[in-house]
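The structure appears right after this line, and notes come after that.
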Amino acid sequence: MRGRGRAFDHCGQMRKHAPPKRMHMYQRDLTPYRYDIPDPLPDVLAVGWLSRTNGFPHGDVPCEFANALERLLVSNRVNQMRGFHVCEFCKKSPIFCSTPAHIEIALGSAEIWMPSRENRVIYAAPDLIYHYVLEHRYLPPNDFIHSVLHSDHREWNADQEFRNRIDAAYKD
């Protein structure tokens, strides 16, 4: 049974290590992923974890990038949370995305995980990256853009990869 002050993992099991006291959404691009886990994951790199207090690169992405990213919002969505993160730049929440398949997705409560083109690393981005790119002209790292544009990972299970790595982060 869940109790106050106890930390639980994504499967409802009590964690062996408590998460950081205060979670910060901000993570510098291409640094090891560390959201709500005891130690960073060296083979999972953060992209698009923006904050108002930290600058970010601005620019234009290829037109087809938004469509490819939209597809990943459906196929590679992991770590669904109960609440919503408010966009720190325009204060919108929740923010909705409507896919070409007419699927409405509320942004700000999950992540997108996907492998790099060479399968050397996994990229972990908040689903708000879609909003950041379209509305605030966030320019992700080039390799992330190319990996999204060339993503066709039907054999790759984002949810399973997420669970495997997070479970391993809590083992002794």
Applying the selection to segment 48-89, what residues are within 18 Å of D29 (Cβ to Cβ), aliphatic (A, V, I, L, M) and either exposed (fewer than 14 other Cβ atoms within 10 Å of the Cβ) or under 15 Å from the mean Cα position of the chain (by Cα) (or both)? L50, L69, L72
For the structure I just gave you, tell me whether P42 is within 27 Å of K171 (Cβ to Cβ), over 10 Å from the mean Cα position of the chain (by Cα) and either free of Cβ contacts under 8 Å to residues at least 12 places away in the same chain or surrounded by fewer than 18 Cβ atoms within 10 Å (Cβ to Cβ) (or both). yes
Consider segment 90-101. How many of its residues are surrounded by fewer than 16 Cβ atoms within 10 Å (Cβ to Cβ) and modelled with pLDDT of 85 or more? 3
Options I112, I105; residue that is in a strand (DSSP E or B), in contact with a helix residue (DSSP H, G or I) (Cβ under 7 Å, 6 or more places away or on another chain), at pLDDT 90 or above and over 19 Å from R163 (Cα atoms): I105
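The rows are residues; the columns are (1) touching a residue at least 12 places away in the same chain (Cβ under 8 Å); (2) buried (at least 17 other Cβ atoms within 10 Å of the Cβ); (3) within 13 Å of the chain's Cα centre (by Cα); (4) within 21 Å of N79 (Cα to Cα).
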position	(1), (2), (3), (4)
P115	yes, yes, yes, yes
E118	no, no, no, no
V121	yes, yes, no, yes
I129	yes, yes, yes, yes
N142	no, no, no, no
L149	yes, no, no, no
E155	no, no, no, yes
A158	yes, yes, yes, yes
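The values are calculated or read from the model by the stated rules, or taken from the named source; none is laboratory data. Because the structure is predicted, anything quoted here is derived from the model rather than measured. Ideal geometry is used to build each Cβ from the backbone, glycine not excepted, and the neighbour counts take in all protein chains shown.
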